[in-house]
Amino acid sequence: MVKKDRRKKTFKIIRSFLDALFPLGKKTVSEMSVRWSFKANQWEPTRSQLLQISSIIQPEEKARIARFHFISDAKSSLIGRLLIRKLVNVKTGAPNDVIKLARDEHNKPILISPKFNELLEKPENNEVEINHAQENEEVENKDKQDSSCDSPAIKNLNFNVSHQGKFVVLVSEPSAVQVGIDVMNVEKPGRITESVDDYFRLMNRQFTENEWEQIKTLDGSVPHYFHNKAKLTNFTRFWCLKESYVKAVGVGIVIDLRSIDFTTKSELGSDLVTDTTIKVNGVPSPEWKFEERFLDDLHIVTVAKCYALPDNENNGDPSCVPDFENVTLDFLTEGMTTLGDEDQDWVDEFLKKK
């Protein structure tokens, strides 16, 4: 009886997952995609909040977060994990206590459980006492949904997170085969004491000649006293492009960044920019699309997406790109089933950070 109940629970998880991946009716990419942001600088963790959180994340996640010296880094890392766990919960219907995250060889967060495809293939799941013929017919019909921008048959639950400055951000773009995100403050890092021009010289090997020309070339309308800030904004824009790409391909910044060369076509302002192009090792790569925007006056966020069908005109269509939704801690923790008991010691150590 216990075994049969466990199988029923497993099938319910699979059923929720399939319902999320193959929704009835037409869906736009905007409805299936996720762009979340969290203002970590505005969150002052309370003991009760941390106690709850300590029971809904994995022990290895808590151990990693505990190693951060500064509370700003610990908060950002913690929120990043909550964003991923909530995404998996929302997109698949899987309860939090069956979600298991890990990191690949490049330290990129990955989902390792539930493995829905493997669960579906297990013969013992066929013994669950439900009407399989009806269920299979529904799944087959859903699988025949049109795969255009207006109604994608999405089978690729992907995600990527980034944090810097006041923001932690997450992207999920199941219509793309790879996705990466980067957020960055446009101001020169406080630890850098050099002038802007000296700072650029230090970073010279990170950009191509084509990119440096774009970074340093300013519109004639920019006042002289604003030149350094404008150059830093351009620099940050290109750095976000580079970082989002390498995070999408999952290798980290271990490649020669000059092997990827970006050309911007539109000024980055208040509107979403989607027409930036990339060459990889000198070869145009139209399968890659980029979203660039300001989250606020000081933070640029960039999303890199690789599509299997680079000529699909909807891949870069701004109408298919959702806005960033600022989420709250209540949203991230609501309904999340516990993995274990509250961890008083972990909370005590967290609250000691400065």
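The values are calculated or read from the model by the stated rules, or taken from the named source; none is laboratory data. Given the structure is predicted, the values throughout are model-derived calculations rather than measurements. No Cβ is skipped: glycine too gets one built from the backbone with ideal geometry, and neighbour counts run over all protein chains shown.
Among the residues of the stretch 195-233, which ones are of a type in the set (Val, Ile, Thr) and under 17 Å from Thr276 (Cα atoms)? Break it down stepwise before answering.
Within the stretch 195-233, the subset of a type in the set (Val, Ile, Thr) is 196, 208, 215, 217, 222, 233.
Correct list: Thr208, Ile215, Thr217, Thr233.
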Practice problem: With the checklist (1) modelled with pLDDT of 85 or more; (2) assigned to a loop (DSSP other than H, G, I, E, B) in hand, flag the one item Lys26 doesn't pass. | Solution: (1)
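Quick grid of which residues meet (1) over 26 Å from Arg81 (Cβ atoms); (2) in contact with a strand residue (DSSP E or B) (Cβ under 7 Å, 6 or more places away or on another chain); (3) touching a residue at least 12 places away in the same chain (Cβ under 8 Å):
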residue	(1), (2), (3)
Phe159	no, yes, yes
Val169	no, yes, yes
Ser175	no, no, yes
Gly180	no, yes, yes
Met184	no, yes, yes
Pro189	no, no, no
Glu194	yes, no, no
Tyr199	yes, no, no
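To keep it simple, each residue is scored yes or no on (1) assigned to a loop (DSSP other than H, G, I, E, B); (2) of a type outside the set (S, T, N, Q); (3) free of Cβ contacts under 8 Å to residues at least 40 places away in the same chain.
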| position | (1), (2), (3) |
| --- | --- |
| Glu213 | no, yes, yes |
| Phe226 | no, yes, yes |
| Trp239 | no, yes, no |
| Ala248 | no, yes, no |
| Ile255 | yes, yes, yes |
| Lys265 | yes, yes, yes |
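Name every residue in the stretch 86-103 that is surrounded by fewer than 22 Cβ atoms within 10 Å (Cβ to Cβ) and part of a helix (DSSP H, G or I), in order of residue number.
Start the filter on the stretch 86-103 by keeping residues that are surrounded by fewer than 22 Cβ atoms within 10 Å (Cβ to Cβ), which leaves 89-91, 93, 95-98, 100-103.
If the condition is that a residue be surrounded by fewer than 22 Cβ atoms within 10 Å (Cβ to Cβ) and part of a helix (DSSP H, G or I), then Asn89, Val90, Lys91, Asn96, Asp97, Val98 are the ones that fit.
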Quiz item: Looking at (1) of a type in the set (Asp, Glu); (2) exposed (fewer than 12 other Cβ atoms within 10 Å of the Cβ); (3) within 30 Å of Leu170 (Cα to Cα), which is the only condition Asp219 fails?
Solution: (3)
Quiz item: Can you name the number of the only condition in (1) among the polar types (S, T, N, Q); (2) at pLDDT below 90; (3) over 21 Å from Trp36 (Cβ atoms) that Asn210 fails?
Solution: (2)
Self-check item: Residue list for the stretch 340-354, filter: in contact (Cβ under 8 Å) with a residue 12 or more places away in the chain and assigned to a loop (DSSP other than H, G, I, E, B)
Solution: Gly340, Asp341, Glu342, Asp343, Lys353, Lys354
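How about the stretch 50-85: which of its residues are of a type in the set (Ser, Thr, Tyr) and either part of a helix (DSSP H, G or I) or out of contact with any Ser or Thr (no Cβ under 8 Å at 6 or more places or on another chain) (or both)? It would help to see each step written out before you state the result.
Kept after step one, since they are of a type in the set (Ser, Thr, Tyr), are these residues of the stretch 50-85: 54-55, 72, 76-77.
Passing the criteria: Ser54, Ser72, Ser76, Ser77.
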Quiz prompt | Count of the stretch 173-182 residues which are surrounded by 24 or more Cβ atoms within 10 Å (Cβ to Cβ) and not in a loop (DSSP other than H, G, I, E, B) | solution = 3
